[in-house]
1. To the nearest µm²/s, what D does Stokes-Einstein give for region 388-512 at 10 °C and 1.306 mPa s, using the Kirkwood radius over alpha carbon pairs as Rh?
2. Divide by every residue of the chain the summed helix terms, -39500 (n - 2.57) for each DSSP H run of at least 4, and state the resulting mean residue ellipticity at 222 nm, rounded to the nearest 500 deg cm²/dmol.
3. Taking Cα pairs under 8 Å and at least six residues apart, what relative contact order does the chain come out at, in percent?
4. Counting other C-beta atoms within 10 Å, and keeping those with at most 16, which DSSP coil trypsin sites (Lys or Arg not before Pro) do you find in region 391-477?
5. Once you list every other residue whose beta carbon is under 12 Å from the beta carbon of residue 572, what net charge do they have if Lys and Arg are +1 and Asp and Glu are -1?
6. So with the 1.4 Å probe, I'd like the accessible area per residue for region 585-650, rounded to whole Å².
7. Count neighbours as other Cβ atoms within 10 Å of each site's Cβ, and list the trypsin sites (Lys or Arg not before Pro) in region 762-812 that are DSSP loop with at most 14 such neighbours.
8. How long are the semi-axes of the ellipsoid equivalent to region 75-219, from square roots of 5 times the Cα gyration tensor eigenvalues, in whole Å, largest first?
Amino acid sequence: MMLNFKRVCSLLAALALLMGSMPSAFGIAATARASQSERATVPLPPEERGSVALDQALRDLTNPFTVLSVAVRPGESDDGTLALYRKSFGARTVTLFATRGETGDRSTCGPNDPELGFTRTREALESGRVLGADVYFLNLRDFGYSKSANHALGVWGHDEALGKLVRAIRSLRPDVMITNHSAKTGDGQQQALAQLTREAFREAANPERPAEAGSGPWRVRRLFERTDAYHADVTANLSERDAARGQSYAEIGLAARRRNISLGASIPGGRDGVTPELEKSYYKLEASAPGEKLESGGSMFAGLMLPENLRRSIAAPRVGDFSLLEATTKPAELVGTLHEKLLEKRAEGSAEDLQARYGAEYGRVIRFTAALERALVLLLGLSLEVTMSDRVDVPGQKLVARAMFRNGSSSVVPVVIRMPESLSPAEGKPEYKPSDAVFVAQYNSTAREAEYEIPRDAALTLPRSGHLEDEQYYPMGSSLPGALPVEPFGNRLVVYAEAGLGDVNIPLAALARYDTSSPVEISTIPFAILKDWLKPREIEVPVRVRNRTPGALTGALWVVPLALTDDNYEPVRLTFAREDEETTVKLKLKLPILKPPLTPDVLLEFRRDKPESPEPLGLAKIVVNVIGFEVVDDLNVGYISGSGAWLGDALNQLGVNRSEIAIQDIAIGENGKTPQETTGCGDLGRFDTIIIDRCTYVARPELMSKNGCLLTYAKEGGNLVVFDQRPDDWNLILGRSVFAPYPIKLSRDRIAAENAPVSILEEDHPLLSKPNKITVRDFDGWVGERAVNIPREWSTEYTPLLESNDPGETPSKGGLLVARLGAGSYVLTSFDWRSQLLAMKAGAYRMLANLVSFPKTNTRPRRVRSDKSGGQ
């Protein structure tokens, strides 16, 4: 048999199977980063294969429409409704997220780390895999909670955000758009996106708006917004069960929602089971295109019409008297019918021919053809997979890609496999070389391997920072099972195959990911701070060094400024026995090594031993900066971490003696009293200050039973500092035990504006005046919110020290409260010191220095206790 179809048509069709059916999505590049082995995750949901995947492919042939769900962050879409319209109706579904959710919500005590955007992207794609939905990101910035749409639009830029959304609509070409968001309720980002969605609904069809990236005007038929039963125009009954999957659509939606592990209990609708509110979704029609009328009592598609010639072209064929779904018990006849329909589609010509015939609607024919091919591939049991010999490679390294074609049919299948001739940089387009035609016996397979060399000038994809937004479109629901790798980041290698079926070829495509790293990875602290360039200090710096080269490696870790200034400098020699071996070196540095106007930053390099080239195999930089702060000498600070090592790192920057306190080493106290002979409580007395990290009581609930010991520590002269905690847990615990020394009630109040005004209430209080004089200028240039979970009520034993408020709101005085407790003190602060310390904000370090120094600066007379029934 001759495989005689044009190569361009075959590759285009294969790419449609892999990357989704929309032409404008074909050329999206990929360069984001991170090894799957470097992240912890729950097991991925199994891909739908076999009869379930076939059921979906056949349903896809019966519905030409696309539903686009618009949400700000992963976890905010209506997964149940998407499951219904995809699994039952057979529509193409796409979830569009404005942001990656990279900041998180501090008030819910969710994670807040540099990797959060990558984590939530993976979770969104895993959720899309469950739903069978493609995923698209606008890559707007998630800047945290906002109280107004104007604030969010100011951060995003109205015109830029609108332009991105219009481009997405024109590329994805939905017929129906849905959103959970309202322009009147929700946080500022949700309100802003709801407003932008209405504008983009109109602008996408505007012929006067310039076309971009090959996508012209597109008219969305209907826009729906989530509502209640009373206002609904359409009801989605999610309690119906899917026969192929044995689950209701509410259960499928909940399974998808559970992939958003990082959101925890903050996922709307709960996580534990299908509740009544998850069994139905209600939508009101917010906007419709001219001439469109929604028929009552139907679906979101009710009354939608297509041009007659297009409707005939993509009409689902029948197998005799049977529908496609009914004909699954007659596989031979079903294959024949689909084969005949595919021949008909191929006869219609190229994408250009289709566009000339059907205008802007031609993408429906391409998507229909891709669904025909997908159904035939599944019926015949064909598959194509590609694997790489090494997931993480270095420039100049050779690696092998292996493509495996499997024939699960009862007939011999001829196949041609096309692999790229070389690995090009991310912006390049590799050439493909076809193999000879191979006849693969029934229930057999064939493989083809190709050896590549990573280009010397290849862009690095590790570390991940800076690469989160390199891709926008992920065809999780438009590709064949097994065609997409688990890891969504990294370089891409696409392999194609053409399988012969009579007088037509069926294209397949598979994608593999690989990362490109420097030969040696070096990671360390991002910055170090000094009080003054003329006052050097010693600092211990942990440096992790990882060998990414194949095999053994010997070399040395150089501190470059020391090598330039010290004739006797000796680098740290390191030997690695194998690839991916790593070690941690603790460097003791006296900073600054160099002073301005020279570059004070510390450059670390790993070099091979002579006579090898002195070119570094890996490097890292520690930014050195001066922040004018003072801290009391000889301080011993203990801290109890909630999550991450940030607090210990910040205390290290202050130069104080710090120790992380293991909760299991604290003895249990009863009613705030602990016997003096108890070793754990007695040991706490060695600390001048103990800090409890944000959200620690919810992140580490075992601390709750040890709280009496901490209060005893404060009564006996210690300084207990508590960062913001989640109000629900805090207030519930306060009703059962002695948690804070005096009554205090947290709220969900928050100050969201970065530049919200801050007032000093007691300028002479030691916490605000010693050893650093805190002024309103110390709050300039903050990133993110001012404060969250701010107390609204407290006993008069507490002294409020700071006042702030968002525009138009009543000032709040609960962001920093301090109380005398016996011979010591208790401090509760809801200001976001963590984000500011990580951003190297001077005011945050000056305030942290005052907090830890307080036991030695607090010379004020003990305050006379007053009535505890007071409040703000």
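The values are calculated or read from the model by the stated rules, or taken from the named source; none is laboratory data. Source: prediction; values computed, not measured. So basically every Cβ, Gly included, is an ideal-geometry build from the backbone, and we count neighbours across all protein chains shown. Surface accessibility is based on the protein's heavy atoms, side chains included, excluding ligands, DNA and RNA. Shrake-Rupley method; radii C 1.70, N 1.55, O 1.52, S 1.80 Å.
1. Numbers: Rh = 16.1 Å.
The diffusion coefficient I find is 98 µm²/s.
2. Numbers: 21 runs with 211 residues, N = 872.
Estimated from H runs of four or more residues: -7000 deg cm²/dmol.
3. On the way: 1909 pairs, mean separation 95.4, N = 872.
Over the chain, the number comes to 11 percent.
4. On the way: sites: 391, 398, 402, 406, 418, 448, 456, 464; in loops: 391, 456, 464.
Passing both the DSSP loop test and the Cβ count: 456.
5. Value of the local net charge: +2.
6. On the way: 3420 Å² over 66 residues.
On a per-residue basis, 52 Å².
7. Values: sites: 773, 777, 786, 792; in loops: 773, 786.
Hits after loop and neighbour filter: 773.
8. Values: eigenvalues 113, 87, 38 Å².
For region 75-219, the ellipsoid semi-axes come out as 24, 21, 14 Å.
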